[in-house]
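This report concerns only the one structure given below.
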Amino acid sequence: FRRVLFRSVSMDVGKLFELDSVQVRIDDKPIANYLYTPREVTALHRGGVQRLWVGNLRAGEHEITAFFTGQGPHERDYKRGATVKFDKGAEPRYIELRIKDEVGRLQPDFDVKVWQ
């Protein structure tokens, strides 16, 4: 088993999506659910980082799925997911859940980034 650290949501601008909650699953097993307060969302907009989960995973291939829930453009309820597969070796992995505005499409964009 080797350590995996989730750095929760980073937000770039964030005018097209108002975050309410995040659910994270690894290999289809829920590992984290978090409901954000308005104060926490403001901190994320200012560059804050929240540790969402720290745990151990066996070496090998894993799949991470993150579901983001909140209000999208025109105050509509919005739920989107992002999935990424990665190989876990002996070294620690850092995973970031990112939300950014896609101004050209007027939609929020959601991403899961695995750092070496």
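The values are calculated or read from the model by the stated rules, or taken from the named source; none is laboratory data. All values reported here derive from a predicted model rather than from experimental measurement. Backbone-built Cβ (ideal geometry, glycine too); neighbour counts: all protein chains shown. In case anyone asks, the SASA skips ligands and DNA or RNA and just uses the protein heavy atoms, side chains included. Shrake-Rupley method; radii C 1.70, N 1.55, O 1.52, S 1.80 Å.
Share of the chain's accessible area from carbon and sulfur, percent, 1.4 Å?
Ligands and nucleic acids excluded, carbon and sulfur give 46 percent.
Calculate the spin-label point distance for Asn56 paired with Val84, positioning each point 7 Å from the Cα along the beta-carbon direction, and give it in nanometres.
So the two model labels end up 2.4 nm from each other.
Could you list the square roots of 5 times each eigenvalue of the Cα gyration tensor of the chain, that is, the equivalent ellipsoid semi-axes, sorted largest first and rounded to whole Å?
In descending order the semi-axes read 26, 14, 13 Å.
Compute the length gained on full extension between Leu106 and Arg76: take 0.36 nm times their separation in residues and subtract their Cα-Cα distance, giving the result in nm to one decimal.
9.5 nm
Determine the calculated [θ] at 222 nm for the chain from helices alone, applying -39500 (n - 2.57) to every DSSP H run no shorter than 4 residues and normalising by the residue count; nearest 500 deg cm²/dmol.
-2000 deg cm²/dmol
If you restrict to DSSP beta bridges whose two residues both lie in the chain, what percentage is antiparallel, to the nearest 5?
85 percent
Quick one: which of 66-76, 91-101 comes out on top by average Cβ neighbours within 10 Å, and what's the full order, highest first?
Ranking the peptides 66-76, 91-101 by packing returns 91-101, 66-76.
As an exercise, use a Förster radius of 22 Å and the Cβ-Cβ distance of Glu18 and Tyr94 to find the FRET efficiency, rounded to the nearest 0.05.
0.25
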